[in-house]
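Down below is the structure, laid out as structure tokens.
Each reported figure results from applying straightforward, stated rules to the coordinates on display, with no laboratory input. Nothing here was measured: the structure is a model prediction, and the numbers come from that model. Backbone-built Cβ (ideal geometry, glycine too); neighbour counts: all protein chains shown.
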Amino acid sequence: MAEPKITMKEVESVARLARLTLTDAEKERMRRELDGILSYIDKLRALDTEGVPPTSRAVPMTNVMREDEPRDSFPQDLMLANAPDRSGEFFRVPKIIEESPEAS
Amino acid sequence: MLTRLTIHELGARFRSGEATPSQAAREYLDRITSFDPKVKAYLTRTSEAALGQAAESDARFAVKKPLGLLDGIPLALKDVFCTRGVETTCGSKILKGFIPPYDATVVAKLRAAGGVLLGKLNMDEFAMGSSTENSAFFTTRNPWDLSRVPGGSSGGSAAAVAADLAAATLGTDTGGSIRQPAAFCGTAGLKPTYGRVSRFGLIAFASSLDQVGPFGKDVADAALMLQAIAGHDPMDSTSAPVPVPDYAAALSLGVKGLKVGIPDEYFIEGLDPEVEAAVRAAIATLEDLGAQTQRVSLPHTEYGLAAYYVIAPAEASSNLARYDGVKYGLRVPGARDLIDMYSRTRGAGFGAEVKRRVMLGTYALSAGYYDAYYGKAQKVRTLVLRDFQRAFELVDVIVAPTTPGVAFTMGERADPLQMYLNDVFTIPVNLAGLPGMSVLGGFTRTGLPIGLQLIGKAFDEATLLRTAKAYEGATRWQERKPELAA
């Protein structure tokens, strides 16, 4: 049997990087399916690309500049209207930093 | 029945006074009520707003001052476009309930042209898929056979046009998501050149590949729709400041003397014999019309798919980082901290295919793998692009099958890789940024549509439309309609 392209440990590490909580069943299925897809993608290795420049987009484009003119922006309330949780004019999120014992 | 008419036929009735936009809107809304429960093309209907828009259009026609050829025409949009005040989900649970504060530029353009917007159409979640089976809500059915998929990701957009549930629609195409469903549903579907149409307000999947385009009941309708949405937009720095020609004028040019390339690599093992026969017959038709055909070679075609499944997921993993439960959409409660909230929200809000691609993209971009995957894929992209450049030194347009086979049954492609292989003939066009089109090229013995793909030079949509129109004029395929029992 061929060496697996991706291990369970790698699946867990990539899921952490991607900020995805996966169930154990999802992890196993993910490992199997990514293994198949990565094996297919491996056919790229057969191709000699020595000296070939990369293409990041097909239609060439350099920096696109515009005049720095003030324009109307959207009202704050409208921009906050879709937020799952808000506090006044802010998006509210769960705590980021551990509270120290003396802080209230 | 006004719902059977093309845009140009319907517009002529409005101008002559034989019909009004309100009548057309009501006929479409009635037909949606009767038949959409079978086809399931619509995620959201905007019936009341549509009737209001139609009434405004009535008033313009009454004083003989319509806004143009799209005035009063009932249209619908893939749910990937932001629509002001109308829920936009992108086929995902993570965006359920999202009400955009603004219109995408293409939506604003259709409104400004007097279009009557009937609603938002089903799609594979975040445009990732080839069947609409990845929609978080339901699977759209193929109007020609309700046990089969309409293709994807713009499956709702194709099915709506094929079933006369909209006069024309917009979709997006990142690896074939307009052309493949157009082929499966037997409509015209056009993916313009990268940069031809603004993507402002389009929910991003893979930003170096995504492009907006129309579905029409015939080639002339696709041309009309493209005319309405094409052009540079200051709000999208990737839209190209290239003049937009008169596409309607291109339609009548014919193909006499046109050089048509037939790529060897698109007639391979695995190509459905009925699809091959139809495409060969179409090539013969173009020859009868005066086109000069010749074989061309696109030797890196078979590597396009593998390169795409590195590049598109890599870009998607970055684009989809914005769904974090903070600014809009779903948030899963009860998290320990911020990172835990992100991870649980994304774990619950994304479907299996989206998770797979986010994982694949994150892996391909991660330290130690970047050169082997992403770097390599971008070099292969150059080779695919060069193939087309060489071919277009010899020919004006390339003709090929859109897909290796016709519409498959629901659940038939459970393995993700088998699903991906379906896009082998459409993906190279996105990698190269070129315009591509699918037109109805015939039917199988069992009555399923077959797509004929046309591929053009960058910003030369006019030649695609001209070729497609000449072919359509020589055949009668588009007279056939799917039969939907009430």
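Taking a virtual spin label 7 Å from the Cα of A:Y40 along the C-beta vector, which residues in the stretch B:256-274 bring their backbone nitrogen under 20 Å of it?
B:265-272
Over 20 Å intervals from 0, what percent of Cα-Cα pairs in the protein assembly as shown sits in each interval?
21, 55, 22, 2, 0
Full extension from A:M61 to A:I97: what is 0.36 nm times the residue separation minus their Cα-Cα distance, to one decimal in nm? List each step's numbers first, then the result.
Working: separation 36, 0.36 × 36 = 12.96 nm, distance 4.18 nm.
Full extension of this stretch gives 8.8 nm more.
For B:F81, B:F61, what ranking results if the residue with the fewest other Cβ atoms within 10 Å of its Cβ goes first?
On the way: B:F81 26, B:F61 22.
By the 10 Å Cβ count, ascending, the order reads B:F61, B:F81.
Given points 7 Å out from each Cα along the Cα-Cβ axis, report the A:D85 to B:R280 separation in nanometres with one decimal.
About 6.5 nm, to one decimal.
Students often check this: by mean Cβ neighbours within 10 Å, which of B:160-173, B:448-461, B:319-332 ranks highest, and how do the rest follow? Write down the numbers at each step before the final one.
Details: B:160-173: 29.1, B:448-461: 25.6, B:319-332: 20.1.
The packing order, highest mean first, is B:160-173, B:448-461, B:319-332.
Where does each of B:L464, A:L22, B:L421, B:L209 land when they are ranked from fewest to most other beta-carbon atoms within 10 angstrom? Mind showing how you got there, number by number?
Details: B:L464 32, A:L22 21, B:L421 16, B:L209 25.
The order, fewest Cβ neighbours first, is B:L421, A:L22, B:L209, B:L464.
Gap in Å between the Cα centre of the stretch A:16-51 and the Cα centre of the stretch B:386-414?
A separation of 25 Å, based on Cα centres.
State the dimensionless ratio Rg/Rh of the stretch B:2-254 (Rg: radius of gyration of Cα atoms; Rh: Kirkwood radius).
Numbers: Rg = 16.5 Å, Rh = 17.6 Å.
Here Rg/Rh amounts to 0.94.
For the stretch B:54-104, state what percent of all Cα-Cα pairs lands in each successive 5 Å bin, counting from 0 Å until the bin that includes the largest distance.
5, 19, 20, 14, 14, 13, 10, 5, 1, 0
Which order results if B:C185, B:C82, B:C90 are arranged by neighbouring Cβ count within 10 Å, fewest first? List each step's numbers first, then the result.
Details: B:C185 35, B:C82 24, B:C90 32.
By the 10 Å Cβ count, ascending: B:C82, B:C90, B:C185.
Whole-Å semi-axes of the stretch B:303-373's equivalent ellipsoid, largest first, each the root of 5 times a Cα gyration tensor eigenvalue? Show your work: numbers first, answer last.
Numbers: eigenvalues 142, 31, 16 Å².
Ellipsoid semi-axes (Å, largest first): 27, 12, 9.
Across peptide B:380-391, what mean number of C-beta atoms from other chains lies inside 10 Å of a residue's C-beta? Could the numbers behind the result be given before it?
Working: counts 7, 6, 7, 5, 2, 2, 2, 0, 1, 0, 0, 0.
Mean number of neighbouring Cβ atoms from other chains: 3.
Please state the equivalent ellipsoid semi-axes for the stretch B:230-348: what are the square roots of 5 times the Cα gyration tensor eigenvalues, largest first, in whole Å?
Details: eigenvalues 428, 112, 35 Å².
Working from the Cα gyration tensor, I get semi-axes of 46, 24, 13 Å.
Just round it to a whole percent: the fraction of Cα-Cα distances in the stretch B:367-418 exceeding 12 Å.
Working: 1031 of 1326 pairs.
Value for the stretch B:367-418 (Cα pairs over 12 Å): 78 percent.
Take each uninterrupted DSSP H stretch in chain B, measure its Cα extent along the helix axis, and return the ones at 18 Å or beyond whose mean Kyte-Doolittle hydropathy is at least 0.0.
Details: long enough: B:21-39 (25 Å, -0.78); B:47-62 (22 Å, -0.19); B:273-288 (22 Å, 0.31); B:301-319 (27 Å, 0.15); B:352-365 (20 Å, 0.19); B:376-394 (28 Å, -0.37); B:461-474 (20 Å, -0.26).
Span-like helices in chain B: B:273-288, B:301-319, B:352-365.
If you count, for each residue, the other Cβ atoms within 10 Å and average over each peptide, how do B:377-384, A:58-65, B:343-350 line up from highest to lowest? If you can, show how the numbers build up before the last one.
Values: B:377-384: 23.4, A:58-65: 11.1, B:343-350: 21.5.
Final packing ranking: B:377-384, B:343-350, A:58-65.
In peptide A:89-97, how many Cβ atoms from other protein chains are near each Cβ within 10 Å, on average?
Numbers: counts 0, 0, 4, 1, 9, 12, 5, 3, 2.
Across the residues of A:89-97, the mean count of other-chain Cβ atoms within 10 Å is 4.
Using only Cα atoms, find the angle between the long axis of helix A:24-41 and the longest principal axis of chain A, and express it within 0 to 90 degrees, rounded to the nearest 10.
Roughly 60 degrees between the two axes.
Assuming a viscosity of 1.567 mPa s and a temperature of 4 °C, what translational diffusion coefficient in µm² per second does Stokes-Einstein assign to chain A, Rh being the Kirkwood radius over Cα pairs?
Working: Rh = 20.5 Å.
For the chosen part, D equals 63 µm²/s.
Going by Cα centres, the stretch A:63-97 and the stretch B:121-140 are how many Å apart?
Each part reduced to its Cα centre gives a spacing of 30 Å.
Could you work out the mean projected area of the convex hull around the alpha carbons of chain B, in square nanometres to one decimal? Numbers along the way, then the final one.
On the way: hull surface 87.3 nm².
The directionally averaged projection comes out at 21.8 nm².
Taking a spot 7 Å from the Cα of B:T475 along the direction of its beta carbon, which residues of the stretch B:390-406 have an amide N less than 17 Å from it?
B:398-406
Beta carbons within 10 angstrom, averaged per residue: use that to sort the peptides B:429-439, B:101-111, highest first. Don't skip to the end; give the middle numbers.
Working: B:429-439: 29.4, B:101-111: 21.6.
The densest-packed peptide leads the list: B:429-439, B:101-111.
Evaluate peptide A:33-39: per residue, the Cβ atoms of other protein chains within 10 Å of its Cβ; return the mean as an integer.
Numbers: counts 8, 5, 0, 4, 12, 7, 1.
Averaged over the peptide's residues, the number is 5.
Between the stretch B:418-486 and the stretch B:45-70, how far is it from one alpha carbon centroid to the other, in angstrom?
31 Å
Given the -39500 (n - 2.57) contribution per DSSP H run of 4+ residues, what per-residue ellipticity at 222 nm results for the protein assembly as shown, rounded to the nearest 500 deg cm²/dmol? Show your work: numbers first, answer last.
Numbers: 19 runs with 221 residues, N = 590.
Computed mean residue ellipticity for the protein assembly as shown: -11500 deg cm²/dmol.
Within the P(r) computed for the stretch B:156-247, what percentage of the Cα pairs occupies the region above 24 Å?
Value for the stretch B:156-247 (Cα pairs over 24 Å): 16 percent.
Could you give the angle, 0 to 90 degrees to the nearest 10, between helix A:8-17's Cα long axis and the longest principal axis of the Cα atoms of chain A?
30 degrees
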